[in-house]
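Step one of this worksheet: look at the structure below.
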Amino acid sequence: MSENSQLFLEKSKTKAGDLEHRRKINFNIGKYNEKVPQGKQQFSDVHLARERAKNIKWKAIETLDQQLEEFELQFTKRGGKVIWAENAQQAIDEIVKICKAKNCKSLVKSKSMVTEEIHLNQAMEANGIESVETDLGEYIQQLDGEAPYHIVTPAMHKSKEDVAKLFNEKLGTPIDFTPTQLTLKAREILREKYTAAEVGVTGANFIISDMGGIALTENEGNARLSCAFPKTHIVVVGIEKMIPSLTDLHLFWPLLSTFGTGQKMTVYNTIITGPRQENETDGPEEMVVILLDNGRTTILQNPKQRESLYCIRCGACLNACPIYKNIGGHAYGATYSGPIGSVITPNMQGMEDFKHLSFASSLCGNCTEVCAVKINLHELLLDNRKESVQEGLAPFSERMAWKMWKIASLKRGLMNMGNGNLKNKVVNGLFKGWKENRSELIFSPKTFNEMWKEQFKK
C-alpha cells in the first residue's frame, strides 16, 4: 500500500465519520441539485446538447496538435506570446522568469484549478512574490491555509459561521459579521491588491483555436479585474481545454454553467485575444499563454482514457458521487477530486501512487449520467483498475485471493464445501476493519446451488 493510499484511507475514515462535515457538504450540494434541473430547461433537448458537445470535444482532442498550432498562430498575430510547458516545473520557471523581468512583488490570481495543479502560490512565496487569490472561495481557502475543496466551489465544506470565525481570526472582523459584510471586507482588501499587482494570472475555461483566444466564465468578475489592472497577464491552461471555434461557445458556456451551478449562464463571460491594441483603452500591455501538458499527453496516448480529456470541469460528477458526498474533496489528496479526479490523477501523476482513487468508487454510474459531455466515467474507472493490475500493482494477497476464487468458482463441489459458518469466519477475519462502522457480513448457511436442489426435489 502506497503512502498516498494510506493517507486516503485515514482521511476518508475521519471525514465519513464527521457528521457535521457531511451535513455541510450535502447541504451545499443540495442547493445545486435543486437548481440544475431548472437550468436544464433552457435546452430543447439536453441529451442532444450533451452529445453535440462531446462530438466537438472529440474533434478537438483527436486533432489537438493542429488545433494548438492554429491557436498559437492566431494569438501571436495580435502580439500575444505562447509558451509550451511540458510539466509543472517548466510552467513555474517561466512564470518566475516573467515576474522577475517585471520586478514583480505581488500578483493577483483568479480562480484556476490548473494553477493549483502546479502549486503556483507556493512557488511564488518561495521566490518572495505575494500571490493573492481573488475569487472569494479561493481567498477563504488561502486565508485558512487549505487547498480548494471542490472544482467549482472551493470552500463548499465551510458554513457561514466558519467563514465569520476565520475572518475574525485572520482579518479582525467582528465574529457576528453577515455574509454580505464578510464579502464587502474581502472586496475592500482585494481591490487594493488589484491596483498594486504588477502581474495578473488566470486560467481559461476554453482555448479557442480559430480566433486565437481564451474564454473565461465566472460569477464574481475577479478574472476580469485580474487581467485588466496589471500590466502583464499570464494565462495558465491545460492543453485539453481546446475547442475548435468561437461558435462552439454558444453550446459550452450554457452547459458549463447549468451543469456546474444550475444557472442558465454565468454572470461574467469574457473572450480575450491578446494584449491591449493601439486602438484600445484598457487591457494588459503584455499577455502570455502557457500551454500546460503535465501528463495530459500521457492520457492522450491511451485510446481508452483519452475520453477523460473532454472534461470541462463543471463539477457535476462530484455533486452526484456518493463517495464524494461522504468524504469530501480533501481526502483525495490530489488537485482534482471526485470521479473525474479518480480517473485522470492516476494517469497524470502515476498509477502506482494513485491507483487507489479508481477503487474509491461504488461504480453506480451516476457520474456518467450527469456528465455535461457524456464521459463514460464509471467505465474509465474500471479501465484504470484493470490497467493497475496489468502493471503488476495488485498486492500479492489480492492476486492469491482472486486465484482461489477463480478455482472455487469453476468447480461447484468446492463452492459447496464451505458452509455459511466457515465463510463468515474467513471473510470477517480477512476484512477486520469492516465491522468498525458496519455489522458483520453474514452468509447463508446453504449455497444457492444447495437451496436450488432442495427446491427442485420438492
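Cα gyration tensor of segment 46-194, axes a ≥ b ≥ c as square roots of the eigenvalues: rounded (a/c below 1.5), prolate (a/b > b/c) or oblate? Display every interim value, and only then the final one.
Working: a/c = 2.55, a/b = 1.44, b/c = 1.77.
Judged from the Cα gyration tensor, segment 46-194 comes out oblate (a/c at least 1.5, b/c at or above a/b).
In what sequence, highest mean first, do 157-164, 398-405 appear when ranked by Cβ atoms within 10 angstrom?
Details: 157-164: 16.6, 398-405: 11.5.
Most protected by this proxy first, the peptides run 157-164, 398-405.
Distances over 20 Å make up what percent of all Cα-Cα pairs in segment 339-424? Don't jump to the answer; show the numbers that get you there.
Values: 1835 of 3655 pairs.
Summing the P(r) of segment 339-424 above 20 Å gives 50 percent of all pairs.
What lysines does Lys264 reach when the alpha-carbon gap must be under 22 Å and sequence neighbours fewer than 8 apart in one chain are set aside?
Once the sequence-local lysines are set aside, what remains near Lys264 is Lys31, Lys35, Lys40, Lys54, Lys57, Lys111, Lys241, Lys374.
Among the lysines, which fall within straight-line cross-link reach of Lys105, defined as a Cα-Cα distance under 28 Å, with same-chain neighbours fewer than 8 residues apart omitted?
Excluding near neighbours in sequence, the set is Lys81, Lys97, Lys170, Lys185, Lys193, Lys231.
Stretched out fully, how many nm does the piece from Ala126 to Lys264 gain, at 0.36 nm a residue minus the Cα gap?
Values: separation 138, 0.36 × 138 = 49.68 nm, distance 4.09 nm.
Extra length from Ala126 to Lys264 when fully extended: 45.6 nm.
Once fully extended, how much extra length lies between Asp162 and Asn103, figured as 0.36 nm per residue of separation less the alpha-carbon to alpha-carbon distance? Mind dumping the intermediate values first?
Working: separation 59, 0.36 × 59 = 21.24 nm, distance 3.71 nm.
That pair, Asp162 and Asn103, stretches by 17.5 nm at full extension.
Just to be sure I understand: of the beta bridges DSSP finds with both ends in the chain, what percent are antiparallel, rounded to 5? Kindly include the intermediate steps, with their values, before the conclusion.
Working: 8 of 33 bridges.
In the chain, DSSP labels about 25 percent of beta bridges as antiparallel.
Could you state, as a whole-number percent, how many of the C-alpha pairs of the chain are farther apart than 28 Å? Can you show the working numbers first?
Details: 58731 of 104653 pairs.
Percentage above 28 Å: 56.
Using only helices, what value at 222 nm comes out for the chain when you add -39,500 (n - 2.57) per DSSP H run of length 4 or more and divide by the total residues, to the nearest 500 deg cm²/dmol? The partial results should precede the final answer.
Numbers: 24 runs with 245 residues, N = 458.
Helices in the chain give a 222 nm mean residue ellipticity of -16000 deg cm²/dmol.
Within 14 Å, Cβ to Cβ, of Ile151, how many net charges do the neighbouring residues add up to if Lys/Arg are +1 and Asp/Glu are -1? Provide the component values of the computation, followed by the final result.
Values: positive: Lys111, Lys241, Arg313; negative: Glu116, Glu117, Asp135, Glu138, Glu218.
Taking every Cβ under 14 Å from that of Ile151, the sum is -2.
Provide Thr297, Thr195 in ascending order of the number of other Cβ atoms located within 10 Å of each residue's Cβ, fewest first. Present the calculation step by step, with values, prior to reporting the outcome.
Details: Thr297 14, Thr195 10.
By the 10 Å Cβ count, ascending, the order reads Thr195, Thr297.
For segment 42-294, count the residues as N, evaluate 2.2 N^0.38 Å, and divide the Cα radius of gyration by that value, please.
Values: Rg = 18.5 Å, N = 253, 2.2 N^0.38 = 18.0 Å.
Normalised Rg, Cα atoms only: 1.02.
Calculated FRET efficiency, Glu192 and Trp452, Cβ-Cβ r, R0 51 Å, to nearest 0.05?
Details: r = 76 Å, r/R0 = 1.50.
For R0 = 51 Å, the calculated efficiency reads 0.10.
Using a Cα-Cα cut-off of under 24 Å, which lysines could be cross-linked to Lys13, ignoring same-chain neighbours fewer than 8 residues away?
Lys24, Lys158, Lys325, Lys355, Lys432, Lys435
Be a star and scan segment 441-458 for residues whose amide nitrogen sits under 11 Å from the point 7 Å along the Cα-to-Cβ vector of Asn428.
Hits in segment 441-458 for Asn428 at 11 Å: 441-443.
Return the FRET efficiency for the residue pair Ala408, Ser362: r is the Cβ-Cβ distance, R0 is 25 Å, and the value is rounded to the nearest 0.05. Could you put the intermediate results ahead of the total?
Details: r = 26 Å, r/R0 = 1.03.
FRET efficiency, Ala408 to Ser362: 0.45.
So which DSSP H runs in the chain come out at 27 Å plus along the axis (Cα) with average Kyte-Doolittle of at least 1.0? Write out the running numbers ahead of the final one.
Working: long enough: 19-40 (31 Å, -1.49).
In the chain, no H run is both long and hydrophobic enough.
Putting +1 on Lys and Arg Cβ atoms and -1 on Asp and Glu Cβ atoms, find which of Ser308, Thr76, Leu251 reaches farthest to the positive end of the dipole of the chain.
Going by the charge dipole, the pick is Ser308.
Looking at the square roots a ≥ b ≥ c of the eigenvalues of the Cα gyration tensor of segment 172-242, which shape do they give, rounded for a/c under 1.5, prolate if a/b is larger than b/c, or oblate? Each step should come with its number before you reach the end.
Details: a/c = 3.53, a/b = 2.02, b/c = 1.74.
Prolate.
Which value, in debye to the nearest 20, describes the size of the charge dipole of the chain about its Cα centre when Lys and Arg Cβ atoms bear +1, Asp and Glu Cβ atoms bear -1, and nothing else is charged? It would help to have the intermediate numbers written out before the result.
On the way: 59 positive and 55 negative charges, 480 e Å.
Using only the charged Cβ atoms, the result is roughly 2300 debye.
List the residues of segment 343-363 whose backbone N lies under 17 Å from a point placed 7 Å from the Cα of Leu382 along the Cα-to-Cβ direction.
In segment 343-363, the label zone of Leu382 (backbone N under 17 Å from the point 7 Å along Cα→Cβ) covers 343, 358-363.
Name the shape class, rounded, prolate or oblate, that the alpha-carbon gyration tensor gives for segment 396-457, where a ≥ b ≥ c are the square roots of its eigenvalues, rounded holds for a/c under 1.5, and otherwise prolate holds if a/b is larger than b/c and oblate otherwise.
Working: a/c = 3.24, a/b = 1.35, b/c = 2.39.
Note, shape of segment 396-457 comes out oblate.
How many times 2.2 N^0.38 Å is the alpha carbon radius of gyration of segment 327-385? Please list the in-between numbers first.
Working: Rg = 10.6 Å, N = 59, 2.2 N^0.38 = 10.4 Å.
Working it through for segment 327-385, the quotient is 1.02.
Restricting to bridges with both residues inside segment 42-294, how much of the DSSP beta-bridge set is antiparallel, in percent to the nearest 5?
Working: 8 of 33 bridges.
Roughly 25 percent of the beta bridges in segment 42-294 run antiparallel, per DSSP.
Values quoted throughout were computed directly from the atomic coordinates according to the rules given, and no laboratory measurement underlies them. Keep in mind it's a predicted model, so treat the numbers as computed, not measured. A quick note on method: Cβ atoms are made from the backbone with ideal geometry, for glycine too, and the neighbour counts reach across all protein chains shown.
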